[in-house]
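Engineer: One structure follows; several queries about it will come next.
The values are calculated or read from the model by the stated rules, or taken from the named source; none is laboratory data. All values reported here derive from a predicted model rather than from experimental measurement. We place every Cβ from the backbone using ideal geometry, glycine too, and count neighbours over all the protein chains shown.
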């Protein structure tokens, strides 16, 4: 399976995750693209779903899900993949994304992005899962690195797993630089070494967000200002990849909005260097 | 079951089930073997940092509480952390569907020893969430008045308490009152113990058979229709 070529995909610039609570903010500050969660549409009332579609009309869209269960050893959620594909078509999404993790085993919903034990056996399973998802989606598919709060001793490293997965499936990477920072702080990873080791040539999109220290760990809350270390990592990735999009994730504590506007400007400036 | 599947199932148990977490902490290797793990899988599971796993488990409980607060705010305001924890122990894994999870929690409230109002509130709030979901799934139009309809207050009607009710009869068996503001003014509804059934029937379009009684002479159908409006008003996003 050939590796993904980010240059063959549209350049989307600096965007934001669509959250209906700040729709007026979007109208004023005009992100270059939106990331829409199919879950927000599939489980909303028809009026709400239509409203989202109206709000994002005329702006490029990518879809971002949390429900595919991509890393499940028992198999990904293909029924959800088909629903996600349908929403992607309705939104004319440039690509689709989910997370490199699992969210439950048969009969055991976790409701949380849970880290994978990176083994050769699991690499084979996830490769099969991703290929099936790609076939269902019909658009390029990217996988995001998650924030992790524990690690499996003796497992292969995430960069090695990502190399195997991107070369085996041609999927792209949605690199969350804040998750890189969180994992460095929580698990003692070396962020620079991590970025040097992953297949940067497969990075299509980046996420950046604020995290908060809760109970001694950096939690990926998407509810705080973006830390300067995350911005630094984003610039580093832009300088050494062909990344097409940088997205600010903000899910709660939206105010003060002028600060959010400044963060969007900062993301725009970074992506100008990538054009 | 493959080793990868066994490891994921065991880790899911550690993240969600306090009993499993305790068993693992007491004997990590024995716990791993009981989940069918051997070799590298066993070493991975037994080598996890206990504090890190406990942290994730604690965060999951916080997340589940927050989700229930979103759908059952009045109920959760009356539920202590210890009571919520009892629920999580009884049901370690959440339903993937948040509305179903709220319905299960409401059912648990009926059996648990709780604040006298919590069981009724849970039933009512869960029914409202179910109504909202049903409406969204059916693709029906929002009732025209929905935006203006708000449930102002949910409380027990204790006026009849002591008359005809056995002494010691739990207050949570009393009827529940809902004050609903509509464009026509504030209206008052008395919800019997069958309020959840009423709401579900309303969802299915069987309002005429619903058993709620308005405090005046309004029929069950009228009360159910108003409840539906209230549900739409409460749950309408944005």
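Engineer: Just one of B:96, B:9 is within 14 Å of chain A (Cβ to nearest Cβ), in contact with a strand residue (DSSP E or B) (Cβ under 8 Å, 6 or more places away or on another chain) and not in a helix (DSSP H, G or I); which is it?
Structural biologist: Details: B:9 fails: not in a helix (DSSP H, G or I).
Only one candidate qualifies: B:96.
Engineer: Additional query: Anything in the stretch B:101-118 that is at pLDDT below 90, closer than 17 Å to residue B:69 by Cβ and either within 14 Å of another protein chain (Cβ to nearest Cβ) or in a helix (DSSP H, G or I) (or both)? List them, or say none.
Structural biologist: Result: B:118, single match.
Engineer: Can I ask one more? Could you tell me which residue of the stretch A:14-60 is farthest from the chain's Cα centre (by Cα), considering only residues that are part of a loop (DSSP other than H, G, I, E, B) and within 11 Å of chain B (Cβ to nearest Cβ)?
Structural biologist: Keep residues of the stretch A:14-60 that are part of a loop (DSSP other than H, G, I, E, B), which gives A:18-19, A:30-33, A:37, A:43-45, A:57-60.
Then drop every residue that is not within 11 Å of chain B (Cβ to nearest Cβ), which leaves A:19, A:43-45.
Values: A:19: 15, A:43: 20, A:44: 22, A:45: 25 Å.
Among those residues, the one meeting the criterion is A:45.
Engineer: Still on this structure, I have one more. Please find, within the stretch B:35-65, the residue that is nearest to the other protein chains (Cβ to nearest Cβ) out of those that are more than 26 Å from the chain's Cα centre (by Cα) and without any contact (Cβ under 8 Å) to a residue 12 or more places away in the chain.
Structural biologist: First pass over the stretch B:35-65, keeping only residues more than 26 Å from the chain's Cα centre (by Cα): B:35-53.
Okay, now just the ones that are also without any contact (Cβ under 8 Å) to a residue 12 or more places away in the chain, so B:43, B:49, B:51-52.
Working: B:43: 6, B:49: 6, B:51: 9, B:52: 4 Å.
If we take residues in the stretch B:35-65 being more than 26 Å from the chain's Cα centre (by Cα) and without any contact (Cβ under 8 Å) to a residue 12 or more places away in the chain, then B:52 is nearest to the other protein chains (Cβ to nearest Cβ).
Engineer: Test residue B:3 against the stated conditions and say whether it is closer than 18 Å to residue A:122 by Cβ, in contact with a strand residue (DSSP E or B) (Cβ under 7 Å, 6 or more places away or on another chain), at the interface with chain A (Cβ under 9 Å from one of its Cβ atoms) and modelled with pLDDT of 95 or more. Give the steps one after another, and end with the answer.
Structural biologist: Working: closer than 18 Å to residue A:122 by Cβ: yes; in contact with a strand residue (DSSP E or B) (Cβ under 7 Å, 6 or more places away or on another chain): no; at the interface with chain A (Cβ under 9 Å from one of its Cβ atoms): yes; modelled with pLDDT of 95 or more: yes.
So residue B:3 fails the test.
Engineer: Which condition from (1) buried (at least 23 other Cβ atoms within 10 Å of the Cβ); (2) touching a strand residue (DSSP E or B) at 6+ places or on another chain (Cβ under 7 Å) is the one that residue A:81 breaks?
Structural biologist: Among (1) buried (at least 23 other Cβ atoms within 10 Å of the Cβ); (2) touching a strand residue (DSSP E or B) at 6+ places or on another chain (Cβ under 7 Å), residue A:81 violates only (2).
Engineer: Which fully enclosed strands (runs of 3 or more DSSP E) of the stretch A:93-193 have 3 or more residues being touching a residue at least 40 places away in the same chain (Cβ under 8 Å) and in contact with a helix residue (DSSP H, G or I) (Cβ under 8 Å, 6 or more places away or on another chain)?
Structural biologist: In the stretch A:93-193, A:141-144 are the strands (runs of 3 or more DSSP E) which contain 3 or more residues that are touching a residue at least 40 places away in the same chain (Cβ under 8 Å) and in contact with a helix residue (DSSP H, G or I) (Cβ under 8 Å, 6 or more places away or on another chain).
Engineer: Another one. Is at least one residue of the stretch A:71-78 surrounded by fewer than 20 Cβ atoms within 10 Å (Cβ to Cβ), modelled with pLDDT of 95 or more, away from chain B (no Cβ under 14 Å) and outside any strand (DSSP E or B)?
Structural biologist: Scanning the stretch A:71-78, I find at least one residue that is surrounded by fewer than 20 Cβ atoms within 10 Å (Cβ to Cβ), modelled with pLDDT of 95 or more, away from chain B (no Cβ under 14 Å) and outside any strand (DSSP E or B), so the answer is yes.
Engineer: A further question follows. Only residues that are part of a loop (DSSP other than H, G, I, E, B) and surrounded by fewer than 18 Cβ atoms within 10 Å (Cβ to Cβ): list them for the stretch B:12-51, please. Before you say what the answer is, go through the steps one by one.
Structural biologist: Of all residues in the stretch B:12-51, those part of a loop (DSSP other than H, G, I, E, B) come to B:17, B:27, B:35-38, B:47-49.
If the condition is that a residue be part of a loop (DSSP other than H, G, I, E, B) and surrounded by fewer than 18 Cβ atoms within 10 Å (Cβ to Cβ), then B:27, B:36, B:38, B:47, B:49 are the ones that fit.
Engineer: Specify which of the listed residues (A:234, A:209) is away from chain B (no Cβ under 14 Å), in contact with a helix residue (DSSP H, G or I) (Cβ under 6 Å, 6 or more places away or on another chain), crowded, with 20+ Cβ neighbours inside 10 Å and within 16 Å of residue A:274 (Cα to Cα). If you could, list the steps in order and put the result at the bottom.
Structural biologist: Working: A:209 fails: within 16 Å of residue A:274 (Cα to Cα).
Result: A:234 is the single residue among A:234, A:209 that is away from chain B (no Cβ under 14 Å), in contact with a helix residue (DSSP H, G or I) (Cβ under 6 Å, 6 or more places away or on another chain), crowded, with 20+ Cβ neighbours inside 10 Å and within 16 Å of residue A:274 (Cα to Cα).
Yes/no per residue for (1) more than 14 Å from chain B (Cβ to nearest Cβ); (2) surrounded by fewer than 21 Cβ atoms within 10 Å (Cβ to Cβ); (3) over 17 Å from the mean Cα position of the chain (by Cα):
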{"site": "A:114", "(1), (2), (3)": "no, no, no"}
{"site": "A:118", "(1), (2), (3)": "no, no, yes"}
{"site": "A:124", "(1), (2), (3)": "no, yes, yes"}
{"site": "A:128", "(1), (2), (3)": "no, yes, yes"}
{"site": "A:139", "(1), (2), (3)": "yes, yes, no"}
{"site": "A:142", "(1), (2), (3)": "yes, no, no"}
{"site": "A:146", "(1), (2), (3)": "no, no, no"}
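Engineer: Name every residue in the stretch B:74-93 that is in a loop (DSSP other than H, G, I, E, B) and within 14 Å of chain A (Cβ to nearest Cβ), in order of residue number. Full working, then the answer.
Structural biologist: Going residue by residue through the stretch B:74-93, those that are in a loop (DSSP other than H, G, I, E, B) are B:77-80, B:91-93.
Those that are in a loop (DSSP other than H, G, I, E, B) and within 14 Å of chain A (Cβ to nearest Cβ): B:91, B:92, B:93.
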